Structures are given as structure tokens and as C-alpha cells.
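Inspection log for the structure reproduced underneath, given as C-alpha cells.
The values are calculated or read from the model by the stated rules, or taken from the named source; none is laboratory data. What you see is a predicted model, and the numbers here were worked out from it, not measured in a lab. For neighbour counting, all protein chains shown are included, and Cβ atoms are generated from backbone atoms with ideal geometry for every residue, glycine included.
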Amino acid sequence: MPRRFSLSFFFIATFVISPFISVVGQQRPWLPQELQELDLAERLRLDKNATTMASTDYGHLIQVLPTAVLYPSSVQDITDLVKSSFSSHLPFSIAARGQAHSLKGQAMAHNGVVIQMGSLNQTHEIRINVSSSPPDFYADVGGEQLWIDVLMATLRHGLSPPSWTDYLYLSVGGTLSNAGISGQTFLHGPQISNVYELDVVTGKGEIVTCSKQLNSELFYAVLGGLGQFGIITRARIALHPAPQKVKWTQLLYEDFSAFTRDQEYLISLNNGKGFDYVEGSLIRDESDLDEWSSSFSEKDREKIRSLLDKNHLIYHIEAAKYYDNVTAPIVDKEVDSLLEGLSFIPGLSLKSDTSYVGFLNRVHDAELKLRRMGLWEVHHPWLNILVAKSRISDFNEEVFKNFERKPTTGLVFIYPMSRNKWDERMSAVIPEEDVFYNVFFLRAAKNDWEYLEDQNKKILSFCVKAGIKFKQYLPHYTTNNEWVDHFGHKWNKFVERKKSFDPKGLLSPGQKIFTFMPSQRK
């Protein structure tokens, strides 16, 4: 049996179900006296407006009330807060909140303190600093910074991070605590594979600089560590020369085997001569198609509608080739060469040109549209799983062709990644196959979200019963055994790191990895 904490624990969660969402912890204790005496006390808010704002996240599925919210003016405020809890005879839990793009309370702290990391952005200190002197291209950025701001700052130097998430209005610390994946991951690895150095506030209240060479155990623990070992306050991000434009190609498929075969072929061309971005998705009806492009002619749309009537769904590859003014004359020839031999539906392909920023930030345009329609602040019962290549066809037959028959709001992504772009020493876990697929159900619902949550459970249950190797991304489990299974052979190392860097279990309680907390100061 894997070892668990040898500390004494007490159970802290009480669940009260409301008609709208699950509400956790209605009673909130007073803050410890030693915390109230610190200079940062004036930046702690206990009022209902602050605690309610910090009690929910993007998922809008549950609500968890903290006792207080800290609006730090400096990293020292964060260090003092954690140190105060660590030293207290009544330690309290702490959660760092970036953009709260979590789904089930991962950035929350029941009866604890939530740190509103974005408050650091309101100081006069510059929290994005770019080094553009060859060969050391990197950016030192605060953990609270948004990736869109990192992009704009680095582009002023002709540079850019190589790996992204599809949505750029996320915090650096938040994505690095998970992994940070998108269509560039097959080529450059996840965002955690493109970090040189970190500053981390550990669960002991110590600010530690770490890298592969310095305090490496903490460095590898924090990257993909779900916030369990420390709060990222600075990250040194690798930069590459930035392209100027993007040749954006879209392909449609009737046959799933051809769809996955072509994706796997395209990601195998990671020698600089292939595409720079490859993702796949499902087209279940014409509204899905409209999410991507309205440029298909009416004749093409008629053909697509006929295929949907016949097959109920078709498959879509989105691929991008970056270029600049020098390579512009040859980019079309290069793309045409890459498309030779692929098995997409003849005539159903699109090519367009856009700016590099426009391509990377295209999801923001969809966000603005959804906000105008009142469809952004709704329930998001998402499911994101990494599925082993060897069983992806079985997944298609059972899940895509059955579970997804009922129309839902939101897209479904499916695209491959390569294991060799991930660092096994980091906390992030992936299926143990050389190639695996990211399957991401991005669904939204104003009311009927319980149905979608139930569907998610059925999908996971099918994978378990069918013996399909998979790992949840943005994971959520409610029992210790589930977390042990999730981390697999990394579990013992995960526990040892927790004992080393957060021995009192103060950080990120919303992840529910360690359901119990110490009952007294040790």
C-alpha cells in the first residue's frame, strides 16, 4: 500500500446542498490573533462581497466560503500569511487564486484564506521583465500575470513563449500548476516544459528560488503540482523568436481512423518542417462548424449537412503554419506539401491567413460573444482526459458515437501529444504510452448541468470498466484511493514532497488530494 501522511488529521468539509449549487462551510471562524496583528491585516477582507467573490470559480458548480481574502501588495504579504498559518497553533488553509478558471473549487479554501493573486498587478513594480540578449531569451514574470500580457510584452522584443493554452486570459501560476497544453504541445511540450526557474512560497512560508540545478526537488514538484507544494510568485519562461503571421488550415473527415492517422502523422513531423500547431475536434451539427468558420460556401455546407445526416458527426483538424515576411513567398507551397497524402474529405478544406496574435488570441473573441449573449457566467461541467492512443478508437465508438448524440452547448476537442515532450520528474501525470490524446469536453449549461455531470461520470466509468488507460487533466476526485490511482507510481513521491514542502497541509485544500489536515501544531 502506498504510504500516507503519518500526521494526525481531522475532517474539515461539511456539505450543504442548495437548489443552485453545492455550498460548503457556512460557518466561518475568526482569524487568529497573530494574523490580525500583521501589517498585511489591512489587506485582508472578511466582508461578504469579498468572500462571496472568492467562493466560486469558472465551473459555477459549487461554492466554498473562505473566512477571508488577502489582496497582497507584495510577495512579502503572501510569505507572511503562509508563515503565520504555519506558526499558528490553529493553522488555517490557504489557496492562491489567479483567474479561478478551475471547475470544482480547486482554487478555494474552506474556512481559510484565499489570496487574490491579481492584486499584485496593482502595484507600481514591473512584474514582466524580458531578457532579449542572445542567446538568453527569457521573461521573468509574476505568477499572477496573464499569458496575454506576457505575449504582448515579449512581442515588443520580437520574442514569444513557444507553448500556449488556447485561452490566454489565464494566470502563469495557474497553468504551470497544471501543465498548460494546446496544439503546440506536440512540438514544444506543455508550458511546464518551457520554464527555466521559479520563485515559490512553500507551505512553511519560505520564499525559495528553484530550477533544474537549484532546489530541483521543489522545482519539479511545483510544475504540474496542483498548487500542493507552493505558490508560484515568479516564473522564468523560455522565449523563441516570434513569427508574424499564421497560415491557418482546416480539414474535415468522415472516417475517424483517417482523422487520427493524419493527426499522428502531422505531429510526427516535429523537425521544424511540419505544422506548428495541430488540434482536432468534433463537428456534431452546423453550429459546431460555425464556431470555427463561416467561410464554407453554401454548396459545401449542403454537403456537410448531408454527411452529418448520414454519420451524425464528422471530424475536424485545425493546423497552423507560422511564417514571417521572409518565408511568406513559400508558405503556401509548404502547406500544400504537408497536405499531400492526407485523407480529408476532398474539397472540404479551408486555408486563411491571420496575424500571430490574432491566431493565439482567437478564443477571446468567442468569449466576448458569449458574454454579450449571457452565456459566459453559466455552469461549465467540463471534462478533460488524456487517453492512450491504443484505445482511442474504442473511445470514439462508445463515447463520441453514443454519448454525444444529444446536442450540447460547447466544443469537443481531440488531438494527440507525444510523451517525449514531458518531463517525468515533474508532478504532472500522463498515460504511459508514447502517444496519447487530449479529449476535452468544453460544455456549458444554464440549467441542465447535472445531466452533463452525469454523462461525465459515465464516460469515466466506461474508461475504467473497459481498461482504457487515461488520466484526468484538471483532475477532481473525492477519495484518497482515487488520487492514489491518479498519480500511480508517482504517488509516494507526491506524498514525500508534500511532507517536505507543506508539512501541515495548508496549501490548495480545494484540490481535495489530502482530505484531512493536521489537528494541531507540530
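Looking only at residues in segment 443-500 that are β-branched (V, I, T), assigned to a helix (DSSP H, G or I) and more than 22 Å from the chain's Cα centre (by Cα), which one is surrounded by the most Cβ atoms within 10 Å (Cβ to Cβ)?
It comes out as V495.
Output the number of residues of segment 260-280 satisfying the condition of being part of a strand (DSSP E or B) and either among the acidic types (D, E) or under 10 Å from F186 (Cα atoms) (or both).
Within segment 260-280, residues that are part of a strand (DSSP E or B) and either among the acidic types (D, E) or under 10 Å from F186 (Cα atoms) (or both) number 3.
Please work out which residue is nearest to R362 (Cα to Cα), limiting yourself to segment 128-169 and to residues that are touching an Asp or Glu at 6+ places or on another chain (Cβ under 8 Å) and either without any contact (Cβ under 8 Å) to a residue 60 or more places away in the chain or surrounded by fewer than 15 Cβ atoms within 10 Å (Cβ to Cβ) (or both).
Among them, the one singled out is I128.
Among the residues of segment 408-438 satisfying the criterion of being in contact (Cβ under 8 Å) with a residue 60 or more places away in the chain and basic (K, R), which is farthest from E367 (Cα to Cα)?
Taking the candidates together, the pick is R425.
Of all the residues that make up segment 197-234, how many are closer than 13 Å to G143 by Cβ, within 18 Å of the chain's Cα centre (by Cα) and hydrophobic (A, V, I, L, M, F, W, C)?
4
Kindly state which helices (runs of 4 or more DSSP H) lie completely within segment 353-400 and contain at least 2 residues that are exposed (fewer than 14 other Cβ atoms within 10 Å of the Cβ).
Ranges flagged: 362-372.
For every residue, the table says whether it meets (1) assigned to a loop (DSSP other than H, G, I, E, B); (2) among the acidic types (D, E); (3) over 26 Å from T165 (Cβ atoms).
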site	(1), (2), (3)
S287	no, no, no
R301	no, no, yes
N325	yes, no, yes
V335	no, no, no
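Just checking, which of P19, P72 is part of a loop (DSSP other than H, G, I, E, B), of a type outside the set (S, T, N, Q) and modelled with pLDDT under 95?
Exactly one residue qualifies, and that residue is P19.
Determine whether segment 219-228 contains at least one residue that is in contact with a helix residue (DSSP H, G or I) (Cβ under 7 Å, 6 or more places away or on another chain), outside any loop (DSSP other than H, G, I, E, B) and over 23 Å from R391 (Cβ atoms).
Yes; the residues of segment 219-228 include at least one that is in contact with a helix residue (DSSP H, G or I) (Cβ under 7 Å, 6 or more places away or on another chain), outside any loop (DSSP other than H, G, I, E, B) and over 23 Å from R391 (Cβ atoms).
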